[in-house]
Amino acid sequence: MFESAELGHRIKKSVYDKEVPPLREALLEAQLDLAEAAGFPVIILIGGLDGAGRGATVNLLNEWMDPRHIQTHGMGEPSDEELDRPMMWRFWRALPPKGKIGVFLGSWYTWPILNRVRGVTKEADLEQSLERAKRLEKMLVDEGALVIKFWLHLSKEKQEKRLKKLEKNPLTRWQVTDRDWKHFKAYDKFHEVHENVIRHTSTAEAPWLIVEGEDASYRNLTVGRVILKAIRDRLDLAKTPPPKILAPPLIPAIDNLHLLKTLDMTRVLDKDRFKIKLEKYQGRLNTLTRDIKFKYMSVIVVFEGNDAAGKGGSIRRITGALDARSYQVIPIAAPTEEERAQPYLWRFWRQLPRKGRVTIFDRSWYGRVLVERVEGFCAEADWMRAYGEINEFEAQMVRHHLLVVKFWLTITKDEQLRRFEERQATGFKRFKITGEDWRNRDKWELYEQAVCDMVDRTSTHLAPWTLVEANDKNFARIKVLKTLGDRIESKLEELHASGIDYLDRPKNHR
């Protein structure tokens, strides 16, 4: 796999000096055209062996390009804040917006590789990490990103020669550490793991480009030309309309029976029983969040439901039981300009809580398969692929001991009409009703079908949906509190039984 990168590629200095000025000028023009169009981001990964010129390549790109439109990230040891979240959180936060270039020295491949070479993880762990990386890159490309992956390679003999040369020169001696020589001694193991990584993750949408790293002139020209061509080709492609992708249709059951119609919407809870149960379940929730093991987990609570179904009231009953310092409520509205410049899930990834915290989403990432689907705000192919992307997002949260609890609050069409009219007639509730709410009623059946498809495709054993009969607000609020308490209690029992410690992170996170 690395044969062509061990041939001794070289470029004469005279050729290099002649080629660099026009290449730099062309790169700057492409970069400025990219920034002006702001149609897609460019994500560049620089991987490879120690001594192959990874750092020098990153420095060169910053020298050759306009620093206002390029963001460089040296992803070293994760911080305590980063270790509190899933591994991919730190990379999602660093993604460049449309029109910008993000360069990553160290990426989502770094720690899985190091842990496999060191024997911290098994082959199966590496394979799972690579699958997650492939799904991330596929999603980024589907969202419009241009992903360019460079692998800088050296043969074993040339790596040793390179390290000795750097170590001998007083000006570059600092670049060679004991870690570099330790890695050199494990060259054969690295070679095996690197080959596995490249073989599994060099895909059509994000292939690895292997570059021999011994000769700086050859390496620099190769990397520069690849980036220039990739950006130019993509800018030219943007001038033509993308082909329409047709997904197989999702149709309702032919007997018109679906999940929401099986719910008993007559369930009620009288006021006196509500007060008793409210005190019981709020007290239980408070006690659970003060458990000694709660600081080893996080809780994500997702609220979706019909307009006027009572999401806000249920949220207030949860927050009323919690220490105000331990929770955050995130209301989700239409995306901002900053959020539209990023992949769809970006604004949700960045809100994931630290350990020992509760984050409540009033609306969530399910907007893509609900309102965006029904209102036509995204293409059919986009909301169809969103089911898998959402399941992957939630799986990564659960893997890192984030408990995901999802509620769909449902009311009948007649009850919604009653609440709408009540809101319009009550001055301090009038802000809750908008023209958009009335328009959504005209698409009631379409929303019902979208909800049923959402539950069928995203209610997993890791993050199941709880359907809440919400015609009676008291019943709905108690069901939410009881369900949330049950889920947290079950997770705490799991943590107590496993003896997990705060520093027990998923292996590939370190």
- Query: Can you name the condition, by its number, that residue 380 falls short on among (1) over 17 Å from residue 454 (Cβ atoms); (2) touching a residue at least 24 places away in the same chain (Cβ under 8 Å)?
  - Reply: (1)
- Query: Pairs, please: C-beta under 6 Å, at least 6 apart or cross-chain, first residue over 24 Å from residue 374 (Cα atoms) and among the basic types (Lys, Arg) and in the range 421-445, second open to solvent by less than 100 Å² (accessible area, probe 1.4 Å) and modelled with pLDDT under 85?
  - Reply: 423/429; 423/432; 423/433
- Message: Under 6 Å between Cβ atoms, which residue pairs at least 6 apart in sequence (or on different chains) link something in the range 115-138 that is under 24 Å from residue 182 (Cα atoms) with a partner that is outside any helix (DSSP H, G or I)?
- Response: 115/121; 117/186
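Yes/no per residue for (1) farther than 17 Å from residue 50 by Cβ; (2) open to solvent by 30 Å² or more (accessible area, probe 1.4 Å); (3) in contact with a strand residue (DSSP E or B) (Cβ under 9 Å, 6 or more places away or on another chain):
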position: 81; (1), (2), (3): yes, yes, no
position: 92; (1), (2), (3): yes, no, no
position: 100; (1), (2), (3): yes, yes, yes
position: 108; (1), (2), (3): yes, no, yes
position: 113; (1), (2), (3): no, no, yes
position: 126; (1), (2), (3): yes, no, no
- Message: Go through the range 30-75 and report how many residues are closer than 24 Å to residue 173 by Cβ and of a type in the set (Lys, Arg).
- Response: 1
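Could you list, in sequence order, all residues of the range 439-472 that are of a type in the set (Gly, Ala, Ser) and closer than 26 Å to residue 298 by Cα?
The initial filter retains those residues of the range 439-472 that are of a type in the set (Gly, Ala, Ser), namely 450, 459, 463, 470.
Scanning the range 439-472 gives 459, 463.
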- Query: Restricting the first residue to the range 3-25 and requiring it to be aliphatic (A, V, I, L, M), which pairs with a second residue that is open to solvent by 70 Å² or more (accessible area, probe 1.4 Å) and assigned to a loop (DSSP other than H, G, I, E, B) meet a Cβ separation below 6 Å and a spacing of at least six or different chains?
  - Reply: none
- Item | Count - residues of the range 460-486 that are open to solvent by less than 50 Å² (accessible area, probe 1.4 Å) and more than 20 Å from residue 265 (Cα to Cα) | 5
- Message: I'd like the full set of residues that are closer than 19 Å to residue 355 by Cβ and in a helix (DSSP H, G or I), limited to the range 379-407.
- Response: 393, 394, 395, 396, 397, 398, 399
- Query: For the range 373-405, what are the residues that are closer than 17 Å to residue 344 by Cβ, open to solvent by 30 Å² or more (accessible area, probe 1.4 Å) and either more than 13 Å from the chain's Cα centre (by Cα) or of a type in the set (Phe, Trp, Tyr) (or both)?
  - Reply: 373, 375, 376, 377, 379, 380, 382, 384, 385
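Take residue 49 and decide whether it is without any contact (Cβ under 8 Å) to a residue 40 or more places away in the chain and surrounded by 14 or more Cβ atoms within 10 Å (Cβ to Cβ). Even if it seems obvious, please write down each step before you answer.
On the way: without any contact (Cβ under 8 Å) to a residue 40 or more places away in the chain: no; surrounded by 14 or more Cβ atoms within 10 Å (Cβ to Cβ): yes.
No; evaluated as a whole, the condition is false for this residue.
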- Note on the structure: Given the conditions (1) out of contact with any His (no Cβ under 6 Å at 6 or more places or on another chain); (2) surrounded by fewer than 20 Cβ atoms within 10 Å (Cβ to Cβ); (3) at pLDDT 95 or above; (4) not charged (D, E, K, R), every one holds for residue 56 apart from (3)
- Among (1) more than 33 Å from the chain's Cα centre (by Cα); (2) surrounded by 15 or more Cβ atoms within 10 Å (Cβ to Cβ), the one test that residue 191 misses: (1)
- Scanning the range 194-233 residue by residue, those closer than 25 Å to residue 164 by Cβ and either over 30 Å from the mean Cα position of the chain (by Cα) or without any contact (Cβ under 8 Å) to a residue 24 or more places away in the chain (or both) turn out to be 212, 213, 214, 215, 216, 217, 218, 219, 220, 222
- Query: How many residues, within the range 151-161, are surrounded by fewer than 22 Cβ atoms within 10 Å (Cβ to Cβ) and not in a loop (DSSP other than H, G, I, E, B)?
  - Reply: 5
- Kindly indicate whether residue 250 is hydrophobic (A, V, I, L, M, F, W, C), in contact (Cβ under 8 Å) with a residue 40 or more places away in the chain and open to solvent by less than 40 Å² (accessible area, probe 1.4 Å). no
- Message: If the requirement is being under 19 Å from the mean Cα position of the chain (by Cα), at pLDDT 95 or above and under 30 Å from residue 26 (Cα atoms), which of these qualifies: 152, 130, 140?
- Response: 140
- Give the number of residues within the range 424-451 that are hydroxyl-bearing (Ser, Thr, Tyr) and surrounded by 13 or more Cβ atoms within 10 Å (Cβ to Cβ). 1
- Message: Please determine whether any residue of the range 201-223 is within 30 Å of residue 135 (Cα to Cα), at pLDDT below 95 and open to solvent by 60 Å² or more (accessible area, probe 1.4 Å).
- Response: yes
- Of the residues in the range 305-342, those that are over 19 Å from residue 477 (Cβ atoms) and β-branched (Val, Ile, Thr) come to 330, 332, 336
- Item | helices (runs of 4 or more DSSP H) wholly inside the range 285-361 that include at least 1 residues being exposed (fewer than 15 other Cβ atoms within 10 Å of the Cβ) | 311-319, 337-340
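The values are calculated or read from the model by the stated rules, or taken from the named source; none is laboratory data. A quick note: this is a predicted structure, and the numbers were derived from the prediction, not measured. Glycine also receives a Cβ, built like all others from the backbone with ideal geometry; neighbour counts cover every protein chain displayed. Quick note on the areas: whole protein, heavy atoms, side chains included, nothing else; ligands and nucleic acids left out. Shrake-Rupley method; radii C 1.70, N 1.55, O 1.52, S 1.80 Å.
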